[in-house]
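Bear in mind these aren't lab numbers, they're just calculated from the coordinates by the rules spelled out. Remember, predicted model here, so these are calculated numbers, not experimental data. No Cβ is skipped: glycine too gets one built from the backbone with ideal geometry, and neighbour counts run over all protein chains shown.
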Amino acid sequence: MKKFFTTIKNIFTIEDLRIRILNTVGFLIIFRVGSFIVLPGVDPNQLQTEASGIFGLLNTFLGGAFQRASIFGLGIMPYISASIVLQLLTVAVPYFQKLQKEGDSGRKKITQITRVLTIAITLAQGSAYITATIPAEAIMLGNRALFTVSSIVILTAGTIFCMWLGEKITDKGIGNGISMLIMIGIISRFPGSIYLEAMTRGMSQALIFIIEIVALFFVVMGVVLLTQAVRRIPVQYAKQVVGNKVYGGQRQYIPLKVNSSGVMPIIFAQSLMFLPAMIASYFAESSDVAQYIGATFSNFQSWQYNLTFAIMIILFTFFYTAISVNPNQIADDMKRNGGFIPGIKPGKSTSEFIDNVLTKITFPGSLFLALVAIMPAFAIIAGVSSSFAQFFGGTSLLIMVGVILDTLQQIESYLLMRHYEGMMKGGRIKGRSQNVAIA
């Protein structure tokens, strides 16, 4: 405990770090306050009390702003969608591949394209959001067309402001701003969920509540292991004599993460899992099979839903890893810099070796990721309330763990630069940014 308070004191002793932490807290407070400001012309008492399906997932990411018809009702999600589209285009379209290789100027162009695409996606999603989530009785403005247009403009402005907040957190705060906004939205619901679970259990079931907390602790530790696990491939660099000095000769490592794809496979699979029930609803009146499919895939606790969900996550894990980690590029960079893997020929053999290792570590990683994704369903079956069960796995837990680890890594870097002791007595905190193979 003494070491903990000493670390906190050291953190606030560094002026730059202190200012960045206070900036981050300030920006996050602004984001949370904005999530409670309801769109003009909407009666909040007439809104739905609970969101479900894909709407429930979005509402979790946005800390309830989606359900409250807030000016931040779409939050940062259109920017996430635009970023995913640009990332896929970078793999498939030569023009974007060229931009990615142009360094800072190329990244600036990609960022600008992402912003423009974000506005386009927000305009499209804004109309669907107003139609699907705001009932007619909640609209106090008589002119529905005027309400729709004004709300779309406000939602678009809210998304742009959230995007600006995220960039400011990245520049003047701690951690990745976009990820921080998503994380704070998720974690804001945790105190209320745990309080509701405690009140539901009461004193008569206090032991069950304690068991749930212990189980949650071990689930979190498992997710931390999944996030941190790496397979280090040794790389030897040849010695080079320049003048009277000898350069190179040292051994380094390529850290290939067991879960290189992060939460993207779950997000992709989650977005597709609503299609069977949606399509079946159109044929439900004329087909018993369609009724069965619709009922099965609308129940998140059914074994059919969870088995399909797990298989899709495994497939998407391999797909996203294949497009985000390029063994050929890694092998070419090593060869260009005079590096080689001991016992492996440079070039094609090195690329095949890295690809083989990546496949071997991705398979168990995808299985564990699928297990984490369906853990909330098991928690609900075990009797945990749905609001508290979402923290037993899934996208929410993976995002929280990943963002917190990245933030702690940045704080520890500041401490070590100022010659203070790190946050951990043994070892270093490793965040996602240390995966040079992906960067």
For the range 383-395, Karplus couplings with θ = phi - 60° (6.51, -1.76, 1.60), whole Hz, Gly/Pro x:
x, 6, 4, 4, 5, 7, 5, 5, 8, 8, x, x, 4
What share of all Cα pairs of the chain, in percent, falls into each consecutive 10 Å distance bin?
4, 17, 26, 28, 16, 6, 2, 0, 0
With Cα coordinates, the longest principal axis of the chain makes an angle with the long axis of helix 77-92, in degrees rounded to 10, of 40 degrees
So which aspartates and glutamates can K348 reach, going by Cα to Cα under 18 Å and dropping same-chain residues fewer than 8 places off?
D332, D333
For the range 17-188, take every pair of Cα atoms, bin their distances at 5 Å starting from 0, and report each bin as a whole percent.
1, 9, 16, 19, 18, 14, 11, 7, 3, 2, 0
If each DSSP helix of 4+ residues adds -39,500 (n - 2.57) and the sum is divided by the residues in the chain, what number results at 222 nm, nearest 500 deg cm²/dmol?
-22000 deg cm²/dmol
Pairwise over distinct Cα atoms, reciprocal of the mean inverse distance: report the Kirkwood radius of the range 200-439 in Å, one decimal place.
21.0 Å
Within 13 Å, Cβ to Cβ, of D332, how many net charges do the neighbouring residues add up to if Lys/Arg are +1 and Asp/Glu are -1?
+3
Taking 0.36 nm per residue of separation and subtracting the Cα-Cα distance, what length does fully extending I381 through M140 add?
82.7 nm
Of V230, V384, V289, which is the most mobile in a GNM of the chain whose springs link Cα atoms less than 10 angstrom apart?
V289
